[in-house]
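Accompanying notes for the structure given below.
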Amino acid sequence: MRLKTVRTPMLSQQQRVSEGLVAVHRAETCTGADWYIAPKGKTVEDLEDCLRFEVSGVDRGNETAVAQRLKKKLKQAAAGDSNLPAMAGVVGFKAALVMLATLED
C-alpha cells in the first residue's frame, strides 16, 4: 500500500484537491468506506466508475493525531470487500487541518 497524502489548511486548498467530486451513494457495510464519490455532473448508473471514500474527524490533537487517524482509515479501506479504488479524508478540528490520501496498490 502506497500512501499519497495531501496536507491542506482547512478551507483553503482542499477545494482544489477534491474539486468536482461529490458523494453519490452511501457505501454498503464491509466495503471499508462511508461513501461512493464521483465527478460532479457524472451520471452514475453503475458504481464501478466511482471511488470509495472513507471520512473521519479528530476533535483534539495535532497534525500527528490527524496523520495517525488517516493511516487507520486507509487500512480500513484496504481491508474492505471491494475492488474499487479508495480515498480517505480526516478533518483535524483543533489542528485546523484536512488530510486526504488515495489508496494505491
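The values are calculated or read from the model by the stated rules, or taken from the named source; none is laboratory data. Note that this is a predicted model, so its numbers are computed, not measured. With ideal geometry, Cβ positions are generated from the backbone for all residues, glycine too; neighbour counts draw on all protein chains shown.
Please give the number of the condition residue 36 fails out of (1) at pLDDT 90 or above; (2) more than 19 Å from residue 20 (Cα to Cα).
Condition not satisfied by residue 36: (2).
For the stretch 42-62, which residues satisfy the criterion of being farther than 30 Å from residue 94 by Cα and either touching a residue at least 12 places away in the same chain (Cβ under 8 Å) or not polar (S, T, N, Q) (or both)?
42, 44, 45, 46, 47, 48, 49, 50, listed by residue number.
Just the residues that are modelled with pLDDT of 90 or more, of a type in the set (Val, Ile, Thr) and either closer than 14 Å to residue 89 by Cα or touching a Ser or Thr at 6+ places or on another chain (Cβ under 7 Å) (or both), please, taken from the stretch 4-33.
Matches in the stretch 4-33: 31 only.
Regarding residue 54, is this residue crowded, with 20+ Cβ neighbours inside 10 Å, closer than 24 Å to residue 20 by Cβ and not aliphatic (A, V, I, L, M)?
Taking the combined requirement at face value, the residue satisfies it.
Considering the stretch 36-56 alone, what residues qualify as being in contact with a helix residue (DSSP H, G or I) (Cβ under 8 Å, 6 or more places away or on another chain) and farther than 12 Å from residue 86 by Cα?
Once the filter is applied, which keeps residues that are in contact with a helix residue (DSSP H, G or I) (Cβ under 8 Å, 6 or more places away or on another chain) and farther than 12 Å from residue 86 by Cα, the stretch 36-56 yields 42, 56.
Is it the case that residue 54 is charged (D, E, K, R) and modelled with pLDDT under 95?
So residue 54 fails the test.
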